[in-house]
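Asker: Pasting in a structure now, in structure tokens, and then I'll have a few things to ask.
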Amino acid sequence: MEFTLIRPTVAQYASVRDSEDTASDSARSLRDTLSIPTEGVLPDRDSSRSCSPLPLSPGSPSPLSVSPFEATSAVSLHPPPLPHHVPTPPVNQRSIQSHRQLELKWISVMGATPSSEAKKSRKIRKLVVDGIPASVRGVVWLYLTDSKGRRMPGLYPQLCKRGRVAVSNDIWIDIQRQPQSHLYFMIRFQDHPHLRDPDGPLMSVLQAYLCMVPDTQYSYGLALIAGHILLQTPEEDAFWTFVALMDNHPRGYFSPTARLLEVDAILFEMAVMSFDKGLATRLFTDLQVKPMDFCRHWFTTLFAVVLPPTHLNRAWDAVMYFEGPVLLFRLGLAVLTFCRSFILDTSQCRSSADALAFLLQPPVEVFPSDPDHIVSTAMAAKLKEDDIRKLRPKIEARLKKQTLVARPPIFVR
């Protein structure tokens with residue numbers, strides 16, 4: 001269940017996040033800062049402040065819908081209303097108490113276990129599956145990814161000073177002008193105009209990352225991932241969480257060749273065949289849907305184009321903890337489980353176009369109202385990591401051979 005019991009003030013919250021030099025310091029700061037209410041539920045966290053540190057002041061005009069790097073006329077942007085409403089489960093005293101207890105468990109475990117040891121702890125693994133309260137999610141994500149181990153003091157400000165990168169204009173187009181194919185971004189962040197600011201945190205985080213990792217091939221998935229992290233934590237913390245998350249596995253999806261994405265799409269097709277042969281036959285044989293057609297969007301956005309916000313938060317709780325592609329495959333199998341009835345319905349799903357349209361943006365009604373079911377369904381999928389590890393080099397070798405065969409011969413005189 002997603003609701004926020006605690007809202008620190010902006011100054012207090014920033015100090016907690018920015019002083020995360022050690023896990024124990026973080027836990028102590030949280031204990032001092034957070035005050036747990038005895039009754040009721042505080043309003044949503046976004047109603048009183050922005051989660052990233054550069055909110056626009058009330059009454060500020062919305063950003064221009066054209067790139068500041070282009071000499072074009074300004075056009076006002078009026079984001080469309082949300083197409084779906086995510087049903088909110090009723091809140092009762094028992095759920096409030098459970099939320100409090102889970103919050104205190106996280107505060108305690110972060111003080112007792114160094115972040116570098118978090119992924120070895122069965123207790124923390126169970127807590128991840130149980131969920132992370134919204135009030136401490138940003139701190140916990142920072143902790144789970146061991147971003148402290150990657151943080152280099154002073155580096156982020158230095159990277160920001162470099163300013164624009166080669167794809168700065170592409171980034172701006174994605175987060176601001178929004179072609180129809182990227183409508184999801186505008187819907188997801190329409191209540192956070194500071195993320196569409198040309199000098200805002202999202203532009204800064206992405207430009208700094210692309211300066212630090214220049215071989216990264218930019219796509220709108222990077223903007224979705226970084227933007228969603230910025231909704232949970234201040235700017236510099238968000239940057240290092242983003243760096244750690246990308247190093248986990250997704251960074252390979254943004255290489256110039258995209259070979260990792262191609263391999264994972266094939267492996268996912270095989271996982272679907274093993275998991276649900278009837279669904280796989282209908283999807284890949286009868287409808288002739290290619291796994292790459294939807295895996296490209298699912299994996300490069302970490303399902304941000306598929307899942308409603310509260311469900312995405314729960315999915316990312318697990319993504320921050322579990323390393324490698326297996327968790328992404330499990331989440332993919334969970335999404336297919338929820339979409340299964342439509343795919344198998346021959347009266348509604350008549351073509352590959354119908355299937356792809358549904359898989360890329362499924363109606364929110366297909367997902368369970370309780371976001372916890374996303375993780376529980378994913379973890380219940382029978383998928384062996386060892387099998388995937390053994391198959392990967394075979395798939396890579398096959399693709400490499402196909403590339404060599406397709407390459408035109410080079411004649412040397």
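The values are calculated or read from the model by the stated rules, or taken from the named source; none is laboratory data. The structure displayed is predicted, hence computed values, not measured ones. Here Cβ is always computed from backbone atoms with ideal geometry, including for glycine, and neighbour counts include all displayed protein chains. Surface areas here come from the heavy atoms of the whole protein model, side chains and all, with no ligands, DNA or RNA. Shrake-Rupley method; radii C 1.70, N 1.55, O 1.52, S 1.80 Å.
Asker: Could you run through segment 206-227 and say how many residues are assigned to a loop (DSSP other than H, G, I, E, B) and either open to solvent by 30 Å² or more (accessible area, probe 1.4 Å) or hydroxyl-bearing (Ser, Thr, Tyr) (or both)?
Answerer: Of the residues in segment 206-227, 6 are assigned to a loop (DSSP other than H, G, I, E, B) and either open to solvent by 30 Å² or more (accessible area, probe 1.4 Å) or hydroxyl-bearing (Ser, Thr, Tyr) (or both).
Asker: Another question, then. Could we say that PRO250 is within 30 Å of SER204 (Cβ to Cβ), surrounded by 20 or more Cβ atoms within 10 Å (Cβ to Cβ) and touching a residue at least 12 places away in the same chain (Cβ under 8 Å) here?
Answerer: Details: within 30 Å of SER204 (Cβ to Cβ): yes; surrounded by 20 or more Cβ atoms within 10 Å (Cβ to Cβ): yes; touching a residue at least 12 places away in the same chain (Cβ under 8 Å): yes.
Against the criterion (within 30 Å of SER204 (Cβ to Cβ), surrounded by 20 or more Cβ atoms within 10 Å (Cβ to Cβ) and touching a residue at least 12 places away in the same chain (Cβ under 8 Å)), PRO250 qualifies.
Asker: Sticking with this one: Go through (1) outside any helix (DSSP H, G or I); (2) under 14 Å from ALA244 (Cβ atoms); (3) of a type in the set (A, V, I, L, M, F, W, C) and name the single condition ALA118 misses.
Answerer: (1)
Asker: May I ask you to say which residue of LEU155, LEU144 is aliphatic (A, V, I, L, M), at pLDDT 95 or above and open to solvent by 20 Å² or more (accessible area, probe 1.4 Å)? Working first, answer last.
Answerer: Working: LEU144 fails: open to solvent by 20 Å² or more (accessible area, probe 1.4 Å).
The conditions single out LEU155.
Asker: Among the residues of segment 100-111, are any open to solvent by 30 Å² or more (accessible area, probe 1.4 Å), touching a Ser or Thr at 6+ places or on another chain (Cβ under 9 Å), within 30 Å of LYS148 (Cβ to Cβ) and at pLDDT 90 or above?
Answerer: Yes, segment 100-111 contains at least one residue that is open to solvent by 30 Å² or more (accessible area, probe 1.4 Å), touching a Ser or Thr at 6+ places or on another chain (Cβ under 9 Å), within 30 Å of LYS148 (Cβ to Cβ) and at pLDDT 90 or above.
Asker: Would you check if GLY163 is open to solvent by less than 30 Å² (accessible area, probe 1.4 Å), under 27 Å from VAL306 (Cα atoms) and modelled with pLDDT under 95? Give the derivation first.
Answerer: Details: open to solvent by less than 30 Å² (accessible area, probe 1.4 Å): yes; under 27 Å from VAL306 (Cα atoms): no; modelled with pLDDT under 95: yes.
Here the answer is no, as GLY163 does not meet what is asked.
Asker: Determine, yes or no, whether PHE284 is open to solvent by 40 Å² or more (accessible area, probe 1.4 Å) and among the hydrophobic types (A, V, I, L, M, F, W, C). Explain how you work it out, then say what you get.
Answerer: Working: open to solvent by 40 Å² or more (accessible area, probe 1.4 Å): no; among the hydrophobic types (A, V, I, L, M, F, W, C): yes.
Answer is no for this residue.
Asker: Which residues, taken from segment 144-154, are hydrophobic (A, V, I, L, M, F, W, C) and in contact (Cβ under 8 Å) with a residue 40 or more places away in the chain? Before the answer, list the steps.
Answerer: Kept after step one, since they are hydrophobic (A, V, I, L, M, F, W, C), are these residues of segment 144-154: 144, 152.
Listed by number, the list holds a single entry, LEU144.
Asker: Further question: Conditions: (1) outside any loop (DSSP other than H, G, I, E, B); (2) at pLDDT 50 or above. ASP46 meets all but one. Number of the miss?
Answerer: (2)
Asker: Does segment 175-197 hold any residues that are open to solvent by 10 Å² or more (accessible area, probe 1.4 Å) and either modelled with pLDDT of 85 or more or not in a helix (DSSP H, G or I) (or both), and which are they?
Answerer: GLN178, PRO179, GLN190, ASP191, HIS192, ASP197
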